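Worksheet: one structure, shown below.
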Amino acid sequence: MKGVRVPKDRVGVLIGKEGETKAYIEERAKVRLQIDGEGEVMIDDRNIEDPLMQIKIMDIIRAIGRGFSPEHAFRLFDDDEYFELMDIDEYVGKKPDQLARVRARVIGTNGKTRRLIENLSGVFISVYGDTVGIIGNSVQMPIARSAVDMLLRGSEHATVYKFLERQRSTLRIAEMGFEP
């Protein structure tokens, strides 16, 4: 049995309405989840045949715990889909005012910056607490990670948008099935 911790306020999302999210994960991955009210999730993975499924399950639970909807997190069941967590504290330290400022930079006014990164790169992004989570494939992920990294390091929004525009051809080539 392996354990994963999720924030208390995300336990309800992980369980889902009438337990449907938990049931879907258990059925799809052939595992049993034990979730307590404190956010401790125990995974009984004895019936898993695919060793990669263990990693996928832990990433799905972590993604839901870091603010993603279950529907977005379920993208991680697919091959070549990955979850990455970037810690904002590594960029600004533990200063609450700096954390709020940098979080706001990634989100943008009315969510514009986050939406633009998602639309131009094809990933899903969640800013939760002091982390930025990204779900995407092996072509999308490095582009989105670079864009978020640029924002966290203080690059101007216009510079990040131009970077994303320049990367669109790489994404289009990958969508057609060619390696960039």
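The values are calculated or read from the model by the stated rules, or taken from the named source; none is laboratory data. Note that the coordinates shown come from a computational prediction; the quantities given were computed from them, not determined experimentally. As a convention, Cβ positions derive from the backbone with ideal geometry for all residues, glycine included, and neighbour counts pool all protein chains shown.
Out of segment 124-179, which residues are assigned to a strand (DSSP E or B) and either of a type outside the set (Ser, Thr, Tyr) or at pLDDT below 95 (or both)? Answer for segment 124-179, where residues must be assigned to a strand (DSSP E or B) and either of a type outside the set (Ser, Thr, Tyr) or at pLDDT below 95 (or both): PHE124, ILE125, VAL127, VAL132, GLY133, ILE134, ILE135, GLY136, ASN137. What do you reckon, is ALA73 at pLDDT 95 or above, part of a helix (DSSP H, G or I) and among the small types (Gly, Ala, Ser)? For ALA73, the condition - at pLDDT 95 or above, part of a helix (DSSP H, G or I) and among the small types (Gly, Ala, Ser) - is met. In segment 2-30, the residues that are at positive phi reach residues that are surrounded by 16 or more Cβ atoms within 10 Å (Cβ to Cβ) with C-beta atoms within less than 7 angstrom, at least six apart or across chains, in these pairs: GLY16/LYS22; GLY16/PRO70; LYS30/ILE48.
Counting residues in segment 88-96 that are within 29 Å of MET53 (Cβ to Cβ) and in contact with a helix residue (DSSP H, G or I) (Cβ under 6 Å, 6 or more places away or on another chain) gives zero. Residues in segment 138-153 that are under 17 Å from VAL102 (Cβ atoms) and surrounded by 12 or more Cβ atoms within 10 Å (Cβ to Cβ): 9 in all.
Of all residues in segment 15-68, those satisfying the criterion of being surrounded by fewer than 20 Cβ atoms within 10 Å (Cβ to Cβ) and among the acidic types (Asp, Glu) are GLU18, GLU20, GLU26, GLU27, ASP36, GLU38, GLU40, ASP44, ASP45, GLU49, ASP50. Whenever a residue of segment 160-171 is more than 11 Å from ASN119 (Cβ to Cβ) and charged (D, E, K, R), its partners that are surrounded by 15 or more Cβ atoms within 10 Å (Cβ to Cβ) and at pLDDT 90 or above, lying with C-beta atoms within less than 8 angstrom and at least six residues away or across chains, give the pairs GLU165/LEU120.
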